[in-house]
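Note sheet for the following structure.
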Amino acid sequence: MKRSRAEARRRQLEKISKAIEKKLPKKLDQPPDNPVEFVEKWLGIKATEYQRKLAEAFVKPYLTIVVRWSRQSGKSYFIALLLTWYALNHPSVVIGVVGPSLRQSKLYIQRINGLLLRISRQYYEWPQRKTIVRFKNGSLIEAFPNNPETIRGHTLHLVCWTEMNFTSDDLDMYDAISYTMATTNGIFIGESTPWTRSHLFYRTFTDDEAYPPSEVFRSHVSWREAQKPKGPIEPKFIERKRKETASDPSRWQREMEAEWAEDEDLYFPLDLASKCIGTEKNFGEDLQYIPEEVLLT
Ligand SMILES: Nc1ncnc2c1ncn2[C@@H]1O[C@H](COP(=O)(O)OP(=O)(O)OP(=O)(O)O)[C@@H](O)[C@H]1O
Ligand SMILES: [Mg+2]
């Protein structure tokens, strides 16, 4: 009688300890050293050829990387993946995302949050937030508004500047960014489709002395490399855009060829237009984005 009671207790204890074991965090796997392998094995995403080349430059590492790819070719998507891989692989790093407005830099956070849902919550903090992603290894990715003052004073290990060519006050912003990485040997990635030539983004591609190609990784991708099956863009979309932009070839050149175009015939030069974008710095707050469909109705 006594023995069977002891046996029942033992079994009960075993059950409890198994349940506890299940709840305890398992030893976490380290993400692969190669970001392309990471996106493929952990997230089921196959990088395109030009995305692979970008990943190679990123791990090399080039400390300055500029990405001039056509619309919808996967700039933000793939760079968001690179930032995520970097944060998971490097404990206690701080990554900043800046852009023409906080809305645009927050899109990165939204995208990263979505991608993270594919991996265990043991790697990142829950619940997810709109302007910051915190990882359990102490790293974080934070979205900043278009205001150099807000990043001054931070120490960053990696900065992504999205829609760089569309961001006003480019020199002020770049200056603020470079100081945040003065002690970390941080990596700078600027991504955009081309817009105005009187912008730092243009100079990073054209001024070989200030931005020598041996130190600055420049990537240019047009619709040709980015269309299916090589890239994500539907050939039908490309044909539609070609027709839509027939009367405005400079739009096609900028958005699909990812080349700068002349804008002399424009009533308002592009750089003047870019100075008029309301930002936290010049306007007190980022202008709220109103989708085209809403404006037109
Ligand atoms: N390697 C890939 N595999 C699958 N889908 C991809 C890949 N790269 C990009 N995409 C898809 O292509 C779409 C466009 O990507 P993304 O928004 O990053 O383009 P973009 O170049 O930043 O565009 P935009 O110029 O409009 O900002 C996304 O919806 C993304 O899901
Ligand atoms: Mg984008």
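The values are calculated or read from the model by the stated rules, or taken from the named source; none is laboratory data. Remember, it's a predicted structure, so these values are computed and weren't measured experimentally. Using ideal geometry, Cβ is built from the backbone for each residue, glycine included, and neighbour counts are taken over all protein chains shown.
Specify the residue that is farthest from ligand 2 (Cβ to nearest atom); the eligible residues are those in the stretch 51-70 that are touching a residue at least 60 places away in the same chain (Cβ under 8 Å) and surrounded by 21 or more Cβ atoms within 10 Å (Cβ to Cβ). Of everything passing the filter in the stretch 51-70, Phe58 is farthest from ligand 2 (Cβ to nearest atom).
Would a scan of the stretch 28-50 turn up a residue that is among the basic types (Lys, Arg), farther than 13 Å from Leu158 by Cβ, at pLDDT 95 or above and surrounded by fewer than 21 Cβ atoms within 10 Å (Cβ to Cβ)? Outline the logic, then answer.
Of all residues in the stretch 28-50, those among the basic types (Lys, Arg) come to 41, 46.
Filter once more, so that each one left must be farther than 13 Å from Leu158 by Cβ: 41, 46.
Cutting the leftovers down to at pLDDT 95 or above gives us 41, 46.
Filter once more, keeping what is surrounded by fewer than 21 Cβ atoms within 10 Å (Cβ to Cβ): 41, 46.
Scanning the stretch 28-50 turns up at least one residue that is among the basic types (Lys, Arg), farther than 13 Å from Leu158 by Cβ, at pLDDT 95 or above and surrounded by fewer than 21 Cβ atoms within 10 Å (Cβ to Cβ).
The single condition among (1) surrounded by 17 or more Cβ atoms within 10 Å (Cβ to Cβ); (2) within 16 Å of ligand 2 (Cβ to nearest atom) that Gln110 does not meet is (1).
Taken over the stretch 217-257, the criterion of being at pLDDT below 95, surrounded by 12 or more Cβ atoms within 10 Å (Cβ to Cβ) and small (Gly, Ala, Ser) is satisfied by Ser250 alone. Tell me, please, whether a residue that is within 16 Å of ligand 2 (Cβ to nearest atom) and under 30 Å from Asp29 (Cβ atoms) can be found in the stretch 170-183. Checked the stretch 170-183: no residue is within 16 Å of ligand 2 (Cβ to nearest atom) and under 30 Å from Asp29 (Cβ atoms). Out of all the residues in the stretch 199-216, is one or more within 16 Å of ligand 1 (Cβ to nearest atom) and either in a strand (DSSP E or B) or surrounded by 20 or more Cβ atoms within 10 Å (Cβ to Cβ) (or both)? Within the stretch 199-216, one or more residues are within 16 Å of ligand 1 (Cβ to nearest atom) and either in a strand (DSSP E or B) or surrounded by 20 or more Cβ atoms within 10 Å (Cβ to Cβ) (or both).
Any idea which of Leu266, Leu287, Leu272 is at pLDDT below 90 and either touching a Lys or Arg at 6+ places or on another chain (Cβ under 6 Å) or assigned to a helix (DSSP H, G or I) (or both)? Spell out how you get there, then give the answer.
Working: Leu266 fails: either touching a Lys or Arg at 6+ places or on another chain (Cβ under 6 Å) or assigned to a helix (DSSP H, G or I) (or both); Leu287 fails: either touching a Lys or Arg at 6+ places or on another chain (Cβ under 6 Å) or assigned to a helix (DSSP H, G or I) (or both).
The match here is Leu272.
Gly114 - would you say it is without any contact (Cβ under 8 Å) to a residue 12 or more places away in the chain and either in contact with a His (Cβ under 8 Å, 6 or more places away or on another chain) or closer than 17 Å to Leu83 by Cβ (or both)?
yes
Pairing residues of the stretch 71-89 that are at positive phi with residues that are more than 6 Å from ligand 1 (Cβ to nearest atom) and not in a helix (DSSP H, G or I), at Cβ distances under 7 Å and at least 6 apart in sequence or on separate chains, gives Gln72/Ile233; Gly74/Gly231.
Scanning the stretch 146-162 for residues that are closer than 25 Å to Arg254 by Cβ and touching a Lys or Arg at 6+ places or on another chain (Cβ under 9 Å) yields Asn146, Thr162.
Note on the stretch 164-173: residues that are surrounded by fewer than 22 Cβ atoms within 10 Å (Cβ to Cβ) and assigned to a loop (DSSP other than H, G, I, E, B) total 2. Residues in the stretch 98-147 that are of a type in the set (Asp, Glu) and closer than 24 Å to Glu191 by Cα: how many? Qualifying residue count for the region: 1. For the stretch 65-84, the count of residues that are farther than 24 Å from Arg203 by Cβ and away from ligand 1 (no atom under 13 Å from the Cβ) is at least one. Among the residues of the stretch 217-239, the one identified as under 23 Å from the mean Cα position of the chain (by Cα), within 14 Å of ligand 1 (Cβ to nearest atom) and of a type in the set (Phe, Trp, Tyr) is Trp223.
Among the residues in the stretch 50-57, are any touching a Phe, Trp or Tyr at 6+ places or on another chain (Cβ under 6 Å) and either among the small types (Gly, Ala, Ser) or over 19 Å from Gln122 (Cα atoms) (or both)? Before the answer, list the steps.
Filtering the stretch 50-57 for residues touching a Phe, Trp or Tyr at 6+ places or on another chain (Cβ under 6 Å) gives 51, 57.
Add one more test, that the residue is either among the small types (Gly, Ala, Ser) or over 19 Å from Gln122 (Cα atoms) (or both), and what stays is 51, 57.
Yes: the stretch 50-57 contains one or more residues that are touching a Phe, Trp or Tyr at 6+ places or on another chain (Cβ under 6 Å) and either among the small types (Gly, Ala, Ser) or over 19 Å from Gln122 (Cα atoms) (or both).
Residues in the stretch 137-151 that are at pLDDT 95 or above and surrounded by fewer than 16 Cβ atoms within 10 Å (Cβ to Cβ): Gly138 alone.
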